[in-house]
Amino acid sequence: MTATTTTSITTALLHLSTLLHLSTTAFSIGVNYGTLANDLPSPSQVANFLKTQTIIDSIKIFDTNPDILRGFANTNITVTVTVGNGDIPALVDANAASRWVANNIEQFYPQTRIKLIAVGNEILFTGNKEWISHLVPCIKSLHQALVRAGINDVKVSTPYTLGILQNSVQPSAARIKPAYGKVVFAPMLEFLRQTKSPLLVNPYPYFSCSPSMEDYILFKPNPGIHDDNTNITYTNMFVAMMDAVYSAIKAMGYDDLDIVVAESGWPSLGDPNQPMCTVENAVLYNKNMIKVVTSGEGTPLMPKRRFETYVFALFNENLKPGTAAERNWGLFRPDFSPVYDVGILSNIGKSSPSPTTRPSTGSSPSPTTGKTWSEPKADASDKALQASKDYGCSQGAHCKPIQTGGSSFNPNNIRSHASLLIPLIMICFVYI
């Protein structure tokens with residue numbers, strides 16, 4: 001090898017190192033970690049996977065599962081916990097709230113970075129008058145219990161479905177439904193402002209999906225929906241929903257509040273009568289939704305803003321009742337292999353080979369750049385991936401990390417190994 005060749009390789013690797021750094025810091029995202037399944041890995045395994053293999057930096061759980069809270073200790077991954085709907089009335093009592101905080105927050109904090117308590121989930125949508133009437137008092141009671149415990153950086157809020165809105169087709173006209181506005185929503189917004197806590201919303205364009213709305217919902221080219229008041233034409237429903245929420249709280253005088261997307265996603269598989277539940281549609285929706293919330297471009301009414309967001313969901317959950325779609329919202333299978341790629345695996349972000357050098361196993365587009373990443377396509381067979389792995393290792397790719405006992409051996413499946421190996425193969429063949 002000549003000095004010139006050595007210099008060229010060194011220079012190329014330096015450029016590659018720079019690209020790797022930039023790609024891994026481009027954005028981060030949260031995820032809803034549900035556990036209605038009998039085949040999921042342990043919380044500590046999940047925590048290690050998220051920390052070492054993904055850019056996910058926050059999780060939201062639907063309870064206060066102590067195993068999860070212990071499993072995420074010292075990971076620097078933030079955690080949002082949830083108060084069960086049925087527990088809301090009792091926690092209005094100050095003593096009960098203090099006991100709840102002691103049992104579910106204090107014994108794990110700050111080793112586990114609990115950042116927010118979500119009180120219930122979509123309480124107004126339930127129609128349960130007891131829960132609704134006690135919602136704001138419960139939130140205030142838990143906040144006061146945190147203060148008494150000397151915990152000042154854990155916020156308290158509650159997630160809302162967008163069913164709280166009316167007249168929201170044109171976002172600027174959206175308002176909170178009168179039945180909720182003065183009694184529940186106004187005191188809630190005032191509390192959020194006083195405590196610098198976010199408004200949590202669950203925008204789900206999926207539930208509005210129909211053949212006539214498909215392009216608008218899935219970020220495909222479409223004529224859009226024109227807002228006569230602002231002269232803005234919206235070409236996707238997610239952005240319209242976000243601006244509808246903003247318009248509704250602005251009309252009540254609270255446009256200074258942070259808005260957090262507590263849930264949004266798309267199922268990748270459904271029953272025969274659910275044709276919109278496909279991997280392709282899940283990729284289209286989630287990658288574009290993630291791009292909106294992380295790009296910094298914001299929305300027409302909220303420009304130059306990023307939105308803390310929790311994709312629904314982390315895993316497919318095989319015990320969830322209902323249609324097949326309910327069991328197939330996950331980004332990952334229980335063995336940690338991706339159901340599809342939306343650019344959140346850190347090893348994907350660390351490699352961006354050009355389309356001219358893409359491996360024969362196939363790869364998928366990045367949600368932010370459109371470049372080709374290293375994640376094998378969902379339809380790439382295990383046999384093809386194994387053959388590519390064997391060939392790459394025989395040609396000089398550094399395979400020690402994915403061999404037994406190696407630092408990246410787990411999760412032990414060919415798709416995960418191939419995801420890690422493809423960038424090494426690319427470097428081996430492109431630069432040497």
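The values are calculated or read from the model by the stated rules, or taken from the named source; none is laboratory data. If you're wondering where the values come from, they're calculated on a predicted model, not measured in any experiment. Reconstructed Cβ throughout: ideal geometry from the backbone, glycine too, with neighbour counts over all protein chains shown. In case anyone asks, the SASA skips ligands and DNA or RNA and just uses the protein heavy atoms, side chains included. Shrake-Rupley method; radii C 1.70, N 1.55, O 1.52, S 1.80 Å.
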Can you say whether VAL342 is over 16 Å from TYR204 (Cβ atoms), open to solvent by less than 30 Å² (accessible area, probe 1.4 Å) and either touching a Pro at 6+ places or on another chain (Cβ under 9 Å) or not aliphatic (A, V, I, L, M) (or both), as far as the supplied structure shows? yes
Counted residues in the stretch 70-115 being open to solvent by less than 20 Å² (accessible area, probe 1.4 Å) and closer than 19 Å to THR158 by Cβ come to 13
Taking only the stretch 245-264 into account, find how many residues are hydrophobic (A, V, I, L, M, F, W, C) and in a loop (DSSP other than H, G, I, E, B). 2
What are the residues in the stretch 227-252 that are free of Cβ contacts under 8 Å to residues at least 24 places away in the same chain and loosely packed, with under 15 Cβ neighbours inside 10 Å, if any? ASN231, THR233
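Which ones in the stretch 14-43 are part of a loop (DSSP other than H, G, I, E, B), of a type outside the set (A, V, I, L, M) and modelled with pLDDT of 95 or more? Break it down into steps so the answer makes sense when it comes.
Start the filter on the stretch 14-43 by keeping residues that are part of a loop (DSSP other than H, G, I, E, B), which leaves 25-28, 33-42.
Among the residues that remain, those that are also of a type outside the set (A, V, I, L, M) are: 25, 27-28, 33-35, 38-39, 41-42.
Residues satisfying the conditions are TYR33, GLY34, THR35, ASN38, ASP39, PRO41, SER42.
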Please enumerate the residues belonging to the stretch 100-129 that are basic (Lys, Arg) and more than 30 Å from ALA179 (Cα to Cα). ARG113, LYS115
Restricting attention to the stretch 325-339, the residues that are under 19 Å from TYR285 (Cα atoms) and open to solvent by less than 30 Å² (accessible area, probe 1.4 Å) number exactly 8
Pick from the stretch 294-315, criterion without any contact (Cβ under 8 Å) to a residue 40 or more places away in the chain and more than 14 Å from VAL260 (Cα to Cα), ranking: surrounded by the most Cβ atoms within 10 Å (Cβ to Cβ): GLU297
Keeping to the stretch 195-209, report how many residues are farther than 14 Å from THR158 by Cα and open to solvent by 10 Å² or more (accessible area, probe 1.4 Å). 5
Assuming LEU301 fulfils every condition listed in (1) in a loop (DSSP other than H, G, I, E, B); (2) closer than 22 Å to ILE77 by Cα; (3) not small (Gly, Ala, Ser) apart from one, which condition is it? (2)
Some residue of the stretch 214-221 being in contact with a Leu (Cβ under 9 Å, 6 or more places away or on another chain), basic (Lys, Arg), under 29 Å from LYS60 (Cα atoms) and surrounded by fewer than 20 Cβ atoms within 10 Å (Cβ to Cβ): no
Considering only residues that are in a helix (DSSP H, G or I), open to solvent by 10 Å² or more (accessible area, probe 1.4 Å), closer than 17 Å to MET242 by Cα and aliphatic (A, V, I, L, M), which ones fall in the stretch 167-193? ALA173
Would you point out which residue out of PRO272, PRO267 is buried (at least 22 other Cβ atoms within 10 Å of the Cβ) and in a loop (DSSP other than H, G, I, E, B)? PRO267
Expected output for the stretch 195-224 (first residue part of a helix (DSSP H, G or I), partner open to solvent by less than 30 Å² (accessible area, probe 1.4 Å) and aliphatic (A, V, I, L, M), Cβ below 6 Å, 6+ apart or cross-chain) is PRO205/ILE217; PRO205/MET237; TYR216/MET237; ILE217/MET237
Take the residues of the stretch 111-137 that are in contact with a strand residue (DSSP E or B) (Cβ under 8 Å, 6 or more places away or on another chain) and polar (S, T, N, Q): which is nearest to THR82 (Cα to Cα)? ASN121
Quickly run through the stretch 275-293 and pick out the residues that are small (Gly, Ala, Ser) and open to solvent by 40 Å² or more (accessible area, probe 1.4 Å). none
